[in-house]
Amino acid sequence: MFANPEWGQGQKDVMIEPACEFNVQPAGFCDPDQQSFKAYLSRFMILAVKMAPYTESIIMPYLRTTALAAAKNCRGGTDGTTCSLRWSKDDWQVMYTGMGEQMAVLEVIQSNLQRSVGIPVTADKGGTSKGDPNAGLSDERTVQPLDLSPIETKDRVGAGFITAIVVSGVLGGAWWMLI
């Protein structure tokens with residue numbers, strides 16, 4: 001979602017996470033997942049631009065405005081470079097200063113570098129990775145197939161014995177818990 005001053009949310013066209021920034025939830029807090037949602041939105045918006053170039057004129061103005069606002073809000077904390085989550089207003093908020101905020105700022109700023117990189121590689125366009133079931137093993141140590149010998153009577157007796165022990169343990173434990 002992007003801020004709209006008409007709604008009292010601050011600078012126009014800057015990415016917001018209402019649950020974290022506008023006290024929507026009971027205590028005004030959001031969980032760490034919600035604090036990183038801006039990062040994911042930025043990443044997927046730039047992927048849309050890469051995969052569908054005709055969306056660039058629609059998406060990039062939002063990402064540019066958001067990146068500038070986000071960078072302005074990386075001036076807090078004890079080091080003076082900690083980023084906050086609230087970018088739509090030019091006021092560094094100490095509400096959240098965890099990994100999610102830093103990841104969100106990094107993602108939205110680097111999304112503006114999209115012209116410097118190519119489209120994601122696919123199997124048809126540049127992908128060269130081939131599977132190797134012996135990866136990490138030397139030539140003399142190859143993966144050997146399992147020796148699955150036929151099941152005999154002694155195997156069935158052993159399985160029945162172990163099953164009886166497990167079942168009696170579960171039943172005995174349940175009985176002990178109920179008493």
- List, in order, the whole-Hz ³J(HN,Hα) value for each residue of the range 165-176 obtained from phi through the Karplus relation with A = 6.51, B = -1.76, C = 1.60 and θ = phi - 60°; use x for Gly and Pro. 5, 5, 5, 5, x, 5, 4, x, x, 4, 4, 5
- Please list the non-local residues whose amide H lies under 5 Å from the amide H of MET15, H modeled 1.01 Å from N, same-chain partners needing a gap of 5 or more. ALA3, THR66
- Item | Phi to ³J(HN,Hα) by Karplus 6.51 cos²θ - 1.76 cosθ + 1.60 over the range 37-43, Hz, x for Gly, Pro | 4, 4, 4, 5, 4, 4, 4
- Task: Pairs to check: LYS12/LYS50; LYS50/LYS72; LYS130/LYS154; LYS50/LYS130. Give those whose C-alpha atoms are more than 32 Å from each other in this structure.
- Result: LYS130/LYS154
- Task: Calculate, in nm to one decimal, what SER116 and ILE179 gain on full extension: separation in residues at 0.36 nm each, minus their alpha carbon distance.
- Result: 15.7 nm
- Förster radius 30 Å - calculated FRET efficiency between LEU148 and SER168, Cβ distance, rounded to 0.05: 0.50
- Note on the structure: Under 5 Å from the placed amide H of GLY76, counting only residues 5+ away or on other chains, we find THR81, THR82
- Item | Theoretical gain in end-to-end length, ALA123 to LEU47 [0.36 nm per residue, Cα-Cα removed] | 25.6 nm
- Derived scalar couplings ³J(HN,Hα) [the range 57-63; Karplus, 6.51 cos²θ - 1.76 cosθ + 1.60; whole Hz; x for Gly, Pro]: 5, 8, 7, 4, x, 5, 5
- Note on the structure: Once both label points are put 7 Å beyond Cα along the C-beta direction, the PHE161-ASP132 separation in nm becomes 4.5 nm
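Readers should treat all values here as calculations from the given coordinates under stated rules, not as data from a laboratory. Owing to the predicted nature of the structure, the values given are computational and were not obtained by experimental measurement. Here Cβ is always computed from backbone atoms with ideal geometry, including for glycine, and neighbour counts include all displayed protein chains.
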